[in-house]
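Right, one structure below, let's go through it.
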Amino acid sequence: MSHPRHLLDDVIHSPVRFAIVALLAAAEKAEFGYVRDTVEVTDSALSKQVALLEGTGYVQVTKGYVGKRPRTWLALTGQGRAAFTAHCAALRAIADGAYTPER
């Protein structure tokens, strides 16, 4: 059995990306501005992190309009949801001391 730290997802492990994915895991989709304000980052910082998450297939970005104003919505993909679930399970296993090495 290997240590559960090996199951941590390097993409999700970043504190900002973890916060983004956790927020999206609790919703069907969220508007960019809401995510930005909730996670407390700048537009630029959120854009950079979302681009990385989108590139790995964890987040889907949808653009549209509300009235005449452009909007961007973010949603966790099935792959992203599975990665987040596995990452959280690994964190729990580490925190709970579930790892017992074979000697």
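None of Val11, Val16, Val50 is on the phi < 0 side of the Ramachandran plot, part of a helix (DSSP H, G or I), among the β-branched types (Val, Ile, Thr) and in contact with a strand residue (DSSP E or B) (Cβ under 7 Å, 6 or more places away or on another chain) except Val50.
So, Thr72, is that one among the β-branched types (Val, Ile, Thr), surrounded by 15 or more Cβ atoms within 10 Å (Cβ to Cβ) and either at pLDDT below 95 or in contact with a strand residue (DSSP E or B) (Cβ under 9 Å, 6 or more places away or on another chain) (or both) or not? Yes.
Mind checking whether some residue in the stretch 27-42 is over 19 Å from Cys88 (Cα atoms), free of Cβ contacts under 8 Å to residues at least 60 places away in the same chain, of a type in the set (Gly, Ala, Ser) and outside any helix (DSSP H, G or I)? The answer is yes, given that some residue of the stretch 27-42 is over 19 Å from Cys88 (Cα atoms), free of Cβ contacts under 8 Å to residues at least 60 places away in the same chain, of a type in the set (Gly, Ala, Ser) and outside any helix (DSSP H, G or I). I want to confirm something. Restricting to the stretch 53-67 and keeping residues that are touching a strand residue (DSSP E or B) at 6+ places or on another chain (Cβ under 6 Å) and part of a helix (DSSP H, G or I), which single residue is farthest from Pro15 (Cα to Cα)? Among them, the one singled out is Glu54.
The values are calculated or read from the model by the stated rules, or taken from the named source; none is laboratory data. What you see is a predicted model; the values in this text were computed from it and never measured. Virtual Cβ from ideal backbone geometry, glycine too; neighbours counted across all protein chains shown.
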